[in-house]
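This report concerns only the one structure given below.
The values are calculated or read from the model by the stated rules, or taken from the named source; none is laboratory data. All values derive from a computational prediction rather than experimental measurement. Here the Cβ positions follow ideal geometry from the backbone for every residue, glycine too, while neighbour counts run over all protein chains shown. These area figures cover heavy atoms from the full protein model, side chains too; ligands, DNA and RNA do not enter into them. Shrake-Rupley method; radii C 1.70, N 1.55, O 1.52, S 1.80 Å.
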Amino acid sequence: MASTGEAAFCQISIENDVRLDGRSCHDMRPVELELGVIAQAAGSARLRMGATDVIVGVKVEVGSPSSSAPNQGRLQVTVEFSPCASPIYKGRFGETYGEQIAAVIESSLAPSGRAGGGGGGGVAYDGTLPTAASPHLRGAPPSSSSGTPGPGLDLSKLCILPGKTAWVLFVDALVLNDDGNVLGAVSAATLAALQHTRIPKVEAVRDAAGEEEIELDDSPGAAWRLDVSALPLVVTTSRVGSQCVMDLTAQEERCSTSALHVAVNRKGQLCGTTLSGRTGVETSMLLMMMETAQKLGPILWDQLMGFLQTR
């Protein structure tokens, strides 16, 4: 935990656009990404953003579609924190924090349906996300342009037999170390893991009694990939003094009074927002934070996908 003097020095440095690690306010930390780190998973990725370290694995299973969306598959996200990630995650705090981050990630991936529902009324996260630096977080519904598909995964591609069987995606994230910007790191690692995911080919056939059943072809050559081109990244812009700052470290987060978590796609379109912090944000600062996320989000998206497409 930083002392009062250290926090004050950190804030003064940010106000002068020279952070303690030498970055300017809009600079991101170096990112390291590994794919296929979990052999048993359909897709997996490990991402290090500075000292923040997360692993995401994707498991696919044949299950039943939601009754409210019989022509779609389902998605379920869980986020857990290692007790070693940070001292604040001892006890139930890490469990609660993980549930709230999972809700934000799930809403960005499948805004048409949350909590495995697989479609329906467009449920967005709306709750509290208690952290040491930001005790309140509120959600806003994802938005989409009129006449165009909404952001996120097309869950209809996961349907096998309408009303009977569909693919269920289980996205499990583990935070190994928290040195700030955990939400952004989990979002980027999740996008990488989903792009790396391979789903077996299935065909619907009729048995001797005329009943429909599925045949699974799990050979590697027959597997298909998810289309992640419409998935947004969750980019966090934080307020420190009068500055709008990207990718805070854990020490810098203690100096921040508010943060805006913006789900933005590769075109810079706003897909959803979540506000956290100890204090309110005036309109001018909120617009500045949103514009910064919409400007830098597509750059991060293209850099991430450029790496993934070479693998």
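The table below gives the values:
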{"quantity": "Selected residue (only one of Ala230, Ala208 is at pLDDT 90 or above, over 17 Å from Met285 (Cβ atoms) and surrounded by fewer than 23 Cβ atoms within 10 Å (Cβ to Cβ))", "calculated": "Ala230"}
{"quantity": "Qualifying residue in the range 284-299 (condition: in contact with a helix residue (DSSP H, G or I) (Cβ under 8 Å, 6 or more places away or on another chain) and either closer than 20 Å to Ile101 by Cβ or open to solvent by less than 60 Å² (accessible area, probe 1.4 Å) (or both))", "calculated": "no"}
{"quantity": "Flag for Val202 being at pLDDT 80 or above, of a type in the set (Val, Ile, Thr) and open to solvent by less than 30 Å² (accessible area, probe 1.4 Å)", "calculated": "no"}
{"quantity": "Restricting the range 1-22 to residues that are touching a residue at least 12 places away in the same chain (Cβ under 8 Å) and of a type outside the set (A, V, I, L, M), the residue that is farthest from Leu308 (Cα to Cα)", "calculated": "Glu6"}
{"quantity": "Of residues in the range 21-40 being within 18 Å of the chain's Cα centre (by Cα) and open to solvent by less than 50 Å² (accessible area, probe 1.4 Å), the one farthest from Glu252 (Cα to Cα)", "calculated": "Leu35"}
{"quantity": "Criterion: farther than 16 Å from Leu174 by Cβ, among the small types (Gly, Ala, Ser) and open to solvent by less than 20 Å² (accessible area, probe 1.4 Å) - qualifying residue of Gly73, Gly43", "calculated": "Gly73"}
{"quantity": "Selection within the range 1-10 - open to solvent by 70 Å² or more (accessible area, probe 1.4 Å) and either part of a helix (DSSP H, G or I) or among the small types (Gly, Ala, Ser) (or both)", "calculated": "Thr4, Glu6, Phe9"}
{"quantity": "Every pair of residues 6+ apart whose Cβ atoms lie under 9 Å, when the first sits in the range 228-256 and is free of Cβ contacts under 8 Å to residues at least 60 places away in the same chain while the second is assigned to a loop (DSSP other than H, G, I, E, B) and among the charged types (D, E, K, R)", "calculated": "Ser229/Arg266; Thr236/Asp247; Ser238/Asp247"}
{"quantity": "Close pairs from the range 77-97: first closer than 16 Å to Val171 by Cα, partner modelled with pLDDT under 90 and in a helix (DSSP H, G or I), Cβ under 6 Å, at least 6 apart", "calculated": "Phe81/Tyr89; Phe81/Gly94"}
{"quantity": "Subset of the range 211-227 that is open to solvent by less than 70 Å² (accessible area, probe 1.4 Å) and outside any strand (DSSP E or B) - its residue that is nearest to Gly180 (Cα to Cα)", "calculated": "Leu226"}
{"quantity": "Failed criterion for Cys244 (all others in (1) assigned to a strand (DSSP E or B); (2) within 24 Å of the chain's Cα centre (by Cα); (3) closer than 28 Å to Gly57 by Cα hold)", "calculated": "(3)"}
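So that you can scan it fast, the table gives a plain yes or no per residue for (1) modelled with pLDDT of 95 or more; (2) touching a Phe, Trp or Tyr at 6+ places or on another chain (Cβ under 9 Å):
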residue: Leu109; (1), (2): no, no
residue: Asp126; (1), (2): no, no
residue: Ala133; (1), (2): no, no
residue: Gly147; (1), (2): no, no
residue: Lys157; (1), (2): no, yes
residue: Ala189; (1), (2): yes, no
